[in-house]
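Let me begin by presenting the structure, written as structure tokens, before commenting on it.
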Amino acid sequence: MVRSPRVRPVIFVPFRLPNVATPDVVRRFGYIFRRTLLDRGLLPDLDRLLGGDEPRGGASTVRLLEHVESNLLYYSTAIIAAGDAAARHAALAKLRDPMNRPLTDVIENAVVGRMGAAIALPLRSSAQLPPEWREPLAAYQARPLRAGDGFVVTIPHPGVWVSAQAHEPMQRQADAHEAAG
């Protein structure tokens, strides 16, 4: 038996990237950096910065801040997603939807995903969807589940580029090794 994922409409809200690569910001959100640190080898550097053991501008602080700066988008969205819900609500209340309603009236204040410099916030109900989207969503949700059905979700993103490079097949390398030995 296969269970279909529940389709939930969201709105993507773009945000400006704050400068989170400062010692003060890392100290303020240390609990988030500890959970989301991409390079776990930098945990001792983070501990030194949070504990105040590292002098300002020390090598481990510089190394940690360079890492945060090079992954600014990731850490910014992590702070927004895990940060203070009340502060996020206050910021979202300043934004309006296409029908000029405060965004906080149509969304739930819970970050369910992120894409680039935007966070995904679920709509309170599918009634807030544009009319051209309501019918297809209702039809999808009303359809009985079929185990063999597949579906495609298209999400715009900056892109991933892959290139192929020629190399010697594995078998030839193994044969050459045996002949030399």
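The values are calculated or read from the model by the stated rules, or taken from the named source; none is laboratory data. Everything quoted here is computed from the prediction, not taken from an experiment. Methodologically, a virtual Cβ is constructed for each residue, glycine included, from the backbone with ideal geometry; neighbour enumeration extends over all protein chains shown. Ligands, DNA and RNA are excluded from the accessible area calculation, which covers all protein heavy atoms including side chains. Shrake-Rupley method; radii C 1.70, N 1.55, O 1.52, S 1.80 Å.
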Selection within region 26-63 - under 16 Å from residue 80 (Cα atoms), free of Cβ contacts under 8 Å to residues at least 12 places away in the same chain and surrounded by 11 or more Cβ atoms within 10 Å (Cβ to Cβ): 28, 37
Of the conditions (1) open to solvent by less than 60 Å² (accessible area, probe 1.4 Å); (2) at pLDDT below 80; (3) among the aliphatic types (A, V, I, L, M), residue 152 fails just one. Which one is it? (1)
Scope region 64-97; condition assigned to a helix (DSSP H, G or I) and open to solvent by 50 Å² or more (accessible area, probe 1.4 Å); matching residues: 66, 69, 70, 73, 74, 86, 87, 89, 90, 91
Mind listing whichever residues of region 113-149 are among the acidic types (Asp, Glu) and either open to solvent by 80 Å² or more (accessible area, probe 1.4 Å) or at pLDDT below 55 (or both)? 132, 135
Checking residue 100 against (1) surrounded by 12 or more Cβ atoms within 10 Å (Cβ to Cβ); (2) free of Cβ contacts under 8 Å to residues at least 60 places away in the same chain: exactly one of these is not met. Which one? (1)
Would you please list the contacts, defined by Cβ atoms under 7 Å and residues six or more apart or on different chains, that run from a residue in region 124-145 that is under 19 Å from residue 112 (Cβ atoms) to a residue that is among the hydroxyl-bearing types (Ser, Thr, Tyr) and open to solvent by less than 60 Å² (accessible area, probe 1.4 Å)? 137/126
